[in-house]
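The next block holds one structure in the form of structure tokens; read it before the comments.
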Amino acid sequence: MEAIKKVTKIDRAVVAKASLHQSKPALRRVAAYARVSTDSDEQFTSFEAQVDYYTRQIAANPDWTMVEVYTDEGITGTNTKKRDGFNRMITDALAGKIDLIITKSISRFARNTVDTLTAVRQLKDKGVEVYFEKDYIKHGTNP
């Protein structure tokens, strides 16, 4: 004897209504960091280019929302103490306002190895990813 198969018809209106209640995945909150070490005209052009590049890059990704392009102009990267933009970015990230930080390179982020490792470890512990574009290095816990 063959088993009788039961088929349940689901009304199209029920399916449509259910799909309306599904939420979209949250956008990743993305920040960028740009820094130049001198106030020279040549560096200023580089600084403007970095800010423009990251603003356009973040806006172009439909899965991202812009937090801010944090900046420090005319500030050396050897010490983070006087880098207000950098410190504000780290504070915001640790407060849960940022999911991903992108920057040109490790040397733009910090020239001091201890400062770099300390910041990246703190961010990683909070689930914040850091991506160094030029170096093709990604640190963090998010996919």
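Run T116 past the list (1) without any contact (Cβ under 8 Å) to a residue 60 or more places away in the chain; (2) within 18 Å of G74 (Cβ to Cβ); (3) part of a helix (DSSP H, G or I) and report the number of the one that doesn't hold.
In the conditions (1) without any contact (Cβ under 8 Å) to a residue 60 or more places away in the chain; (2) within 18 Å of G74 (Cβ to Cβ); (3) part of a helix (DSSP H, G or I), T116 misses (2) alone.
When only residues in region 63-91 that are of a type in the set (D, E, K, R) and free of Cβ contacts under 8 Å to residues at least 12 places away in the same chain count, which is surrounded by the most Cβ atoms within 10 Å (Cβ to Cβ)?
Out of the qualifying residues, it is K82.
Just checking, does region 54-76 include any residue being more than 15 Å from V120 (Cα to Cα), part of a helix (DSSP H, G or I) and among the hydroxyl-bearing types (S, T, Y)? Step through it out loud before you land on a result.
Let us first name the residues in region 54-76 that are more than 15 Å from V120 (Cα to Cα), namely 54-76.
Pick out the ones that are also part of a helix (DSSP H, G or I) and you get 54-60.
After this cut, where a residue has to be among the hydroxyl-bearing types (S, T, Y) as well, the list is 54-55.
Yes, region 54-76 contains a residue that is more than 15 Å from V120 (Cα to Cα), part of a helix (DSSP H, G or I) and among the hydroxyl-bearing types (S, T, Y).
Considering only residues that are more than 17 Å from A34 (Cα to Cα) and β-branched (V, I, T), which ones fall in region 95-140?
T113, V114, T118, V128
Consider only pairs whose beta carbons are under 7 Å apart and that are at least six residues apart or on different chains; among these, list those whose first residue lies in region 3-29 and is under 30 Å from N61 (Cα atoms) and part of a loop (DSSP other than H, G, I, E, B) and whose second residue is at pLDDT 65 or above and hydrophobic (A, V, I, L, M, F, W, C).
Matching pairs, first to second residue: L27/W64.
Any idea which of (1) in contact (Cβ under 8 Å) with a residue 40 or more places away in the chain; (2) in contact with a helix residue (DSSP H, G or I) (Cβ under 7 Å, 6 or more places away or on another chain) is the one L94 doesn't satisfy?
Tallying (1) in contact (Cβ under 8 Å) with a residue 40 or more places away in the chain; (2) in contact with a helix residue (DSSP H, G or I) (Cβ under 7 Å, 6 or more places away or on another chain), L94 fails exactly one: (1).
Considering only residues of region 106-137 that are more than 15 Å from the chain's Cα centre (by Cα) and at pLDDT below 85, which is surrounded by the most Cβ atoms within 10 Å (Cβ to Cβ)?
Residue satisfying both the conditions and the ranking: A110.
Against the condition at pLDDT 90 or above, hydroxyl-bearing (S, T, Y) and more than 16 Å from V30 (Cα to Cα), how does T80 come out, does it pass?
no
The values are calculated or read from the model by the stated rules, or taken from the named source; none is laboratory data. Everything quoted here is computed from the prediction, not taken from an experiment. Here the Cβ is made from the backbone with ideal geometry for all residues, glycine too, and neighbour counts use every protein chain on show.
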